[in-house]
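Quick notes on the structure that follows.
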Amino acid sequence: MRFLFLSGADKAPAWREAMLAKFPDASFDIWPDEVTDKADYDYAIVWRPPVGELKTFPNLKAILSLGAGVDGILVDTDLPTQVPIVRLVDRCLTEGMSEYVLYWTIHYHRKMDVYANWTREGIWKQLRQIDTRDRKVGFLGLGELGSDAAKKVAALGFDVAGWSRSEKHIDGVTSYYGDDGLTPFLNRSEILIVLLPLTESTTGIINAETLAALPEDACVINCARGAHVVDEDLLAALDSGHIRSATLDVFHTEPLPSDHPYWTHPKVVVSPHMASLTVPSSAADWMEQNINLIEAGEAPLNTVDLKRGY
Ligand code: NAP
Ligand code: GLV
């Protein structure tokens with residue numbers, strides 16, 4: 001078995017170790033330097049591969065994504081046909097994202113953003129404490145990541161809802177779905193968490209109109225993709241005071257350019273696309289499970305639906 005690794009070379013050693021621990025007889029070649037005969041490769045393990053490159057490997061059995069989001073693969077409109085694309089679903093990735101969401105949800109619920117500013121100004125003042133059960137948290141996206149985080153936030157007592165394409169039945173989480181569900185969902189979300197895939201229909205979903213639909217003083221946490229947000233609209237909503245604060249982990253351009261207004265905005269926290277990072281030793285379990293299914297002639301799990309775009 002032969003693996004093609006098409007991602008940042010810095011990540012290759014850990015992935016080589018993790019995949020060869022699962023498949024000791026396989027070879028693991030890093031693109032482009034170690035690639036020999038392109039017809040020899042069975043599985044491409046990829047993160048944002050160069051457009052047009054995957055098609056030049058004629059015998060791939062699957063494209064295994066190193067991330068949950070596959071927008072960086074689907075930008076390639078010339079992907080090999082009939083080769084399944086497998087999204088990453090991994091315990092560590094899911095738990096890491098839930099930790100990030102819990103951290104910032106509690107931060108905004110307890111208004112730690114306000115207290116942090118007051119610390120610098122030497123202000124000693126207590127704000128009214130809001131009953132957790134009255135705090136309305138909303139998840140845009142209730143998939144692998146959104147549903148786990150929503151359940152954990154609900155377990156703390158928050159009033160949680162989520163918006164997805166299809167209706168969900170998750171204990172403690174009110175389901176809003178479809179186009180008609182979006183506005184009522186936004187109207188009640190005081191802390192909004194974005195965990196949607198980036199597709200044609202979700203690009204720019206955080207814009208002047210949707211931000212205006214959030215309650216006054218709402219906070220936004222974007223841990224999905226930068227292009228979900230129309231930056232000028234978010235900055236305007238922060239400056240007007242309608243949106244209290246935002247934590248942004250993902251950006252249109254990454255790394256975030258040094259002159260971007262987010263870096264210095266007093267109501268914005270920037271994190272460097274680390275809400276949840278892939279841990280190769282754990283994610284290799286998922287790769288192994290899917291490769292074994294394919295080698296046994298069965299369909300892999302969590303393949304991308306090209307029509308939906310996720
Ligand atoms: P997922 O399992 O595919 O879930 C996607 C969710 O979004 C589903 O609930 C889906 O609804 C909903 N959705 C998609 N399109 C929609 C639309 N047009 N209208 C309403 N709902 C829609 O994805 P995931 O594994 O949870 O990952 C979500 C995203 O997180 C990834 O795509 C990636 O961009 C991002 N991510 C970021 C980091 C980071 O470190 N910042 C790490 C990992 C992932 P249905 O359930 O009805 O299909
Ligand atoms: C990270 O952004 C991922 O999609 O897994």
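The magnitude of the dipole of the chain, with charges of +1 and -1 set on the Cβ of Lys/Arg and Asp/Glu and taken from the Cα centre, is near 900 debye.
Once the C-beta distance of residue 169 and residue 119 is scaled by a Förster radius of 35 Å, the resulting FRET efficiency is 0.25 to the nearest 0.05. Identify, among 65, 294, 182, the residue whose Cα sits farthest towards the positive end of the charge dipole of the chain, taking +1 on the Cβ of Lys and Arg and -1 on the Cβ of Asp and Glu, with the dipole about the Cα centre. Farthest along the dipole direction, towards plus: 182.
Separation of the range 11-44 from the range 274-310 is 16 Å, based on Cα centroids. The Cα center of the range 148-186 and the Cα center of the range 75-140 differ in position by 15 Å. Rounded to the nearest 10 degrees, the inclination of helix 231-240 to the longest alpha-carbon principal axis of the chain is 20 degrees. May I ask for the angle, rounded to the nearest 10°, between helix 280-295 and the longest principal axis of the chain, with both axes built from Cα atoms and the value confined to 0 to 90°? So the inclination is approximately 50 degrees.
Projecting label points 7 angstrom from Cα along Cα→Cβ for residue 199 and residue 102 puts them 3.0 nm apart. Each principal axis of the chain carries a Cα extent, and these read 66, 42, 33 Å when sorted largest first. Taking each residue as 0.36 nm, the span from residue 38 to residue 207 lengthens on full extension beyond its C-alpha to C-alpha distance by 56.5 nm. Using only the Cα atoms of the range 1-55, build the gyration tensor, take square roots of its eigenvalues as a ≥ b ≥ c, and label the shape rounded, prolate or oblate: rounded if a/c is under 1.5, else prolate if a/b is larger than b/c, else oblate. In terms of gyration-tensor shape, oblate.
Report note on the peptides 183-189, 43-49: ranked by the mean count of other C-beta atoms within 10 Å, highest first, their order is 43-49, 183-189. For the range 1-19, backbone nitrogen atoms closer than 16 Å to the point 7 Å from residue 26 Cα along Cα-to-C-beta are found at 1-7, 12-19. Can you give the Kirkwood hydrodynamic radius of the range 151-310 from its Cα pairs, in Å with one decimal? One over the average 1/r among Cα pairs gives 17.7 Å for the range 151-310. For the range 92-133, applying the loop criterion from DSSP together with a ceiling of 10 other beta carbons within 10 Å to the trypsin sites (Lys or Arg not before Pro) yields 125, 128.
Given the Cα-Cα distance of residue 17 and residue 282 and 0.36 nm per residue of separation, how much length would full extension add, in nm?
Working: separation 265, 0.36 × 265 = 95.40 nm, distance 1.18 nm.
Difference between extended and current length: 94.2 nm.
With contacts taken as Cα pairs under 8 Å and at least 6 residues apart, the chain reaches a relative contact order of 16 percent.
Ellipticity at 222 nm from helices only: DSSP H runs of n ≥ 4 in the chain, each -39500 (n - 2.57), divided by the residue count, give -9500 deg cm²/dmol. For the peptides 243-254, 144-155, residues were scored by their other Cβ atoms within 10 Å and the scores averaged per peptide; the highest-first order is 144-155, 243-254.
Just so you know, all these numbers are worked out from the coordinates, no wet-lab data involved. Bear in mind the structure is a predicted one, so any value in this text is a computation, not a measurement. Counting neighbours? That spans all protein chains shown, and the Cβs are built from the backbone with ideal geometry, glycine included.
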